[in-house]
Amino acid sequence: MAALPDETHPDYGSQARGLLRDLSPTDDQLSTLVEDDAAPEQSRFNAFYCLQARAWQRKDYSRHRANTDRYQAQFGRHPMFFFMQAEYYASLDDDLINLEAAMRFAELAVERLPGVPGVLHLAAEISADYADRQAAPDRDLLLFADRHVRQAIAISSSRYPRYHATLARLCALRGDFGGARASIARAIDGENGSDPEYGIRIGGYQLIRYRIQYAQETEQLRRRQEEASDELRRIRGQILEIMGLLAAVIALITTAANIASGQQARAAGGLMTLTGGVVLLVFWSFHLLVVDTPRGRHRIVVLLLGVMLLVTGWGQIEW
């Protein structure tokens, strides 16, 4: 245990797991070393980390949490303990409150261990789990998580295919479906076929691939629906414009007929010009309030033309 590197070393976690694999110490042996007050504290903590790493690998989350609670007073100041606290809350139920707590401890671990790939990956993975449960994921959160996992891949020289799987999840959540497909393909290609958990991991990767495809198809369907809605609004605006125009023409014809009967030509012309300006301004107001179309120069032109007809007609009547 004393031969393990410092907690801040990028290979601390991988060497600890290698020690578990090569020497195969029992849980009792590790627990005995953790309880040995005569041993150096760092050696005791290294044994504690190995104990926790084995419990996490076995998915024995209840034991992992029990150990974390038991030894928090002794090892809580160690930087790697914040990583275990993040695992602690991530292993609870899927309530967003627990994931928020896990994200908080993961970020504290990243602050203290910025060069450890396992710490960076856990922060990204928890963020992906949190974003999965939100209707509208936080874009800034996704970008920070994406940055963490890419850094973890670079530091570890792509030794861990599951890092690429987490990157694929984040790319899909950001809408980068091309990058998501490429990342999950790298995860599948990078797995060791002789690993006892190969089938389980490949099954998980295939599930991520199907979710990427589903998310892309859902996004495409949403965009088509938005385009169809925009087209319907445009058609609705055109129909309202045509209806308003027809109403204005009918009103102008009816008014002109009433004015022309029993009036002199000069007075009738002035009244018709005045009426035309009023009808045009009414139609302009209708278009402004009812029709949902972008503002443009034609609205100003119609307003000026209506005012000119109104002034001209009134002046002609007065003259």
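Quick check: with the 1.4 Å probe, what order do 64, 9 take by accessible area, largest first? Could the numbers behind the result be given before it?
Working: 64 0, 9 75 Å².
I get 9, 64, largest accessible area first.
In debye, nearest 20, what is the charge dipole magnitude of the chain about its Cα centre with +1 on Lys and Arg Cβ and -1 on Asp and Glu Cβ, if you could check? Present the calculation step by step, with values, prior to reporting the outcome.
Numbers: 35 positive and 39 negative charges, 294 e Å.
It works out to roughly 1420 debye.
Comparing 190, 18, 277, which has the greatest mean-square fluctuation in the GNM of the chain with Cα pairs linked when under 10 Å apart?
277
Which of the listed residues, 254, 62, 185, is farthest toward the dipole's positive end in the chain, when Lys, Arg count +1 and Asp, Glu count -1 at the beta-carbon?
So the residue we want is 254.
For residue 20 and residue 37, compute 0.36 nm times the residue count separating them, minus their Cα-Cα distance, and round to one decimal in nm. Show your work: numbers first, answer last.
On the way: separation 17, 0.36 × 17 = 6.12 nm, distance 2.21 nm.
Using 0.36 nm per residue and subtracting the Cα-Cα distance, I get 3.9 nm.
Taking all protein chains as present, what is the carbon and sulfur share of the accessible area of the range 1-143, in % to the nearest whole number, probe 1.4 Å?
For the range 1-143, the apolar C and S fraction of the accessible surface comes to 49 percent.
At what distance in angstrom do the alpha carbon centres of the range 1-63 and the range 169-191 lie from each other?
33
For the chain, what does -39500 (n - 2.57) per DSSP helix run (n ≥ 4), summed and divided by total residues, give at 222 nm, in deg cm²/dmol to the nearest 500? Could you put the intermediate results ahead of the total?
On the way: 13 runs with 253 residues, N = 319.
Taking each H run of at least 4 residues, the total per residue is -27000 deg cm²/dmol.
Taking every pair of Cα atoms in the chain, average 1/r, invert it to obtain the Kirkwood radius, and report Rg/Rh to two decimals.
Details: Rg = 35.7 Å, Rh = 25.3 Å.
With Rg and the Kirkwood Rh in hand, the quotient comes to 1.41.
With each pseudo-label sitting 7 Å past Cα toward Cβ, what's the residue 303-residue 73 distance in nm, one decimal?
Those two pseudo-labels are separated by 7.6 nm.
Name the residue, out of 251, 165, 55, whose mean-square fluctuation peaks in a Gaussian network model built on the chain with Cα pairs under 10 Å.
251
Would you kindly derive the ³J(HN,Hα) couplings of the range 80-91 from the backbone phi angles with the Karplus curve 6.51 cos²θ - 1.76 cosθ + 1.60 (θ = phi - 60°), listing them in order in whole Hz, with x for Gly and Pro?
5, 5, 5, 4, 5, 5, 5, 4, 4, 6, 5, 8
Excluding ligands, DNA and RNA, what is the solvent-accessible area per residue of the range 146-212 at a probe of 1.4 Å, expressed in Å²? Write down the numbers at each step before the final one.
On the way: 3360 Å² over 67 residues.
With all protein chains present, the range 146-212 gives 50 Å² per residue.
In Å², and per residue, what accessible area does the range 20-72 have when probed at 1.4 Å with the other protein chains present? Mind showing how you got there, number by number?
Values: 2940 Å² over 53 residues.
Value for the range 20-72: 56 Å² per residue.
The values are calculated or read from the model by the stated rules, or taken from the named source; none is laboratory data. If you're wondering where the values come from, they're calculated on a predicted model, not measured in any experiment. Positions of Cβ are generated from backbone atoms using ideal geometry, with glycine treated the same way; all protein chains shown enter the neighbour counts. Ligands, DNA and RNA are stripped out before the accessible areas are found, and what is left, the full protein with its side chains, is counted by its heavy atoms. Shrake-Rupley method; radii C 1.70, N 1.55, O 1.52, S 1.80 Å.
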